[in-house]
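**Q** Before I ask anything, let me first share the structure, which is written out below as structure tokens.
What follows draws every value from the coordinates through simple rules; no lab data is involved. Because the structure is predicted, anything quoted here is derived from the model rather than measured. Methodologically, a virtual Cβ is constructed for each residue, glycine included, from the backbone with ideal geometry; neighbour enumeration extends over all protein chains shown.
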Amino acid sequence: MTQTMTGKIVLITGAAGAIGTAAATLLASRGASIAAIDMASADFRALHKAIPDAKRLLVLHADVTDEAGFGAAVAQTVKTFGAIDAFFNNAGIEGPVAPIPSFPTEGFRKVMEVNVVGIFLGLKLVIPVMAKAGQGSIINSSSVAGLTGSSGLCAYVASKHAVLGLTRAAAVEWGGKGIRVNCINPGPIESRMMASIEEGASPGAGKAVHDGFAATIPMKRYGTPAEVAGLVAFLASDDAGYINGGAYTVDGGMTAA
Ligand SMILES: NC(=O)c1ccc[n+]([C@@H]2O[C@H](COP(=O)([O-])OP(=O)(O)OC[C@H]3O[C@@H](n4cnc5c(N)ncnc54)[C@H](O)[C@@H]3O)[C@@H](O)[C@H]2O)c1
């Protein structure tokens with residue numbers, strides 16, 4: 001089933017990253033216009049290549065932990081496109097990889113700032129826009145690390161569990177106003193982020209860690225950014241019209257094992 005997104009406006013944070021770019025590409029291919037937020041330092045080339053129609057891609061530089069800057073980007077989206085029909089609240093970082101006793105406290109705070117405060121600010125800034133329209137779909141990026149523990153990743157695990165909590169809180173608070181809020185929980189995806197986690201877990205032996213992780217997944221492989229994008233596009237679409245407050249794995253069966 002292919003869900004049309006013709007005429008829909010989709011805002012995406014972390015849009016220059018692997019999953020953000022894949023989601024923007026898929027949603028644009030289904031007819032959506034994309035407002036793409038990422039850090040000024042991010043590389044937007046893949047995004048521009050995927051969506052060459054300048055009228056359907058608005059690139060905005062903002063840090064999701066900066067309420068004023070993030071707010072200005074949301075306002076610019078509404079000014080340019082007139083609405084936000086779907087919001088992929090996706091920016092996130094993996095942070096350090098270390099056991100709890102040696103986990104750097106500043107690194108812990110930074111992960112919570114981006115992955116929790118950043119997601120909160122996304123909800124805070126976009127919900128009023130959707131509430132005015134009486135409709136909208138928000139998809140928060142959690143992770144399998146939002147459902148289960150993982151050694152060496154205490155900050156990431158805690159932050160992604162918090163994203164599930166924010167998802168449920170927002171879904172309960174705003175479902176009655178026509179705003180659906182769900183989260184996605186991807187397993188390991190072939191990406192820079194997983195390569196960083198693999199290298200952090202065993203410096204110099206990232207490939208072995210990758211293959212070890214993959215062997216534990218029922219489908220015996222990592223997922224692709226495009227496979228995550230497929231779930232995002234479904235939740236963004238009208239076909240998901242009664243889906244609210246849920247957590248959806250896209251993990252090759254990892255959390256079923
Ligand atoms: N890659 C995976 O295996 C995986 C698995 C589960 C969940 N996730 C989650 O999916 C999301 C996207 O992951 P990805 O693999 O595309 O990672 P990525 O690093 O490729 O992309 C993340 C993007 O977020 C941006 N970003 C980081 N901090 C920001 C900030 N403060 N303000 C604005 N933008 C910021 C980065 O510049 C980057 O472009 C993350 O929330 C991640 O935790 C990823």
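**Q** Which entries in K55/K132; K55/K110; K110/K132; K8/K49; K110/K220 show an alpha-carbon gap greater than 30 Å? Could you put the intermediate results ahead of the total?
**A** Details: K55/K132 24 Å; K55/K110 35 Å; K110/K132 33 Å; K8/K49 20 Å; K110/K220 32 Å.
Flagged as over cut-off: K55/K110; K110/K132; K110/K220.
**Q** Continuing with this model, one more query. Determine, for each peptide in 19-31, 188-200, the mean count of other beta carbons within 10 angstrom over its residues, then list the peptides with the highest first. Spell out each step's value before the answer.
**A** Working: 19-31: 22.5, 188-200: 18.2.
Highest-to-lowest ranking by the protection proxy: 19-31, 188-200.
**Q** Tell me, how many Å apart are the Cα centres for the stretch 71-96 and for the stretch 184-257?
**A** 22 Å
**Q** Something else about it: Taking the C-alpha atoms of the stretch 27-136, how large are the radius of gyration and the largest Cα-Cα span, Dmax, in Å?
**A** Over the stretch 27-136's Cα set, Rg and Dmax evaluate to 15.8, 50 Å.
**Q** While we're on this one: Counting pairs of alpha carbon atoms under 8 Å apart in space and at least six apart in sequence, what relative contact order in percent does the stretch 62-216 give? It would help to have the intermediate numbers written out before the result.
**A** On the way: 233 pairs, mean separation 36.9, N = 155.
About 24 percent, as a whole number.
**Q** Under a point-charge model restricted to the Cβ atoms of Lys and Arg (+1) and Asp and Glu (-1), what is the dipole moment magnitude of the chain relative to its Cα centre, in debye to the nearest 20? Could you put the intermediate results ahead of the total?
**A** Numbers: 19 positive and 19 negative charges, 98 e Å.
Once rounded to the nearest 20, the dipole reads 480 debye.
**Q** For the chain, find the longest principal axis of its Cα atoms and tell me its angle to the long axis of helix 206-216, 0 to 90°, nearest 10.
**A** That helix lies at roughly 80 degrees to the long axis.
**Q** Pairs of alpha-carbon atoms within less than 8 angstrom and 6+ residues apart define the contacts here; what relative contact order does the stretch 118-165 have, in percent?
**A** Working: 29 pairs, mean separation 16.1, N = 48.
For the stretch 118-165, the relative contact order is 33 percent.
**Q** Does anyone have the angle between helix 18-29 and the longest principal axis of the chain? Alpha-carbon axes, 0 to 90°, nearest 10?
**A** Its long axis makes an angle of about 30 degrees.
**Q** In degrees, nearest 10, range 0 to 90: what is the angle between the Cα axis of helix 154-174 and the longest Cα principal axis of the chain?
**A** Tilt of helix 154-174: around 30 degrees.
**Q** Next up: For the chain, modelled as a GNM with alpha-carbon contacts under 10 angstrom, which of I184, I243, I119 fluctuates the most?
**A** Largest GNM mean-square fluctuation: I243.
**Q** Here's another thing I want to ask about it. Plugging the Kirkwood radius over Cα pairs into Stokes-Einstein for the stretch 13-52, at a temperature of 37 °C and a viscosity of 0.692 mPa s, what D comes out in µm²/s? Walk me through the numbers on the way to the answer.
**A** Working: Rh = 9.8 Å.
The estimated diffusion coefficient comes to 333 µm²/s.
**Q** Can you work out the Karplus-derived ³J(HN,Hα) for every residue in the stretch 236-251? Use 6.51 cos²θ - 1.76 cosθ + 1.60 with θ = phi - 60°, whole Hz, and x for glycine or proline.
**A** 6, 8, 5, 5, 9, x, 10, 9, 8, x, x, 10, 10, 6, 9, 9
**Q** Moving to a separate point now. Taking springs between alpha-carbon atoms closer than 10 angstrom, which of A158, A86, A131 fluctuates most in the Gaussian network model of the chain?
**A** A131
**Q** Taking just the alpha-carbon atoms of the chain, what radius of gyration and Dmax come out, in angstrom?
**A** Here Rg and the maximum Cα pair distance are 17.3, 51 Å.
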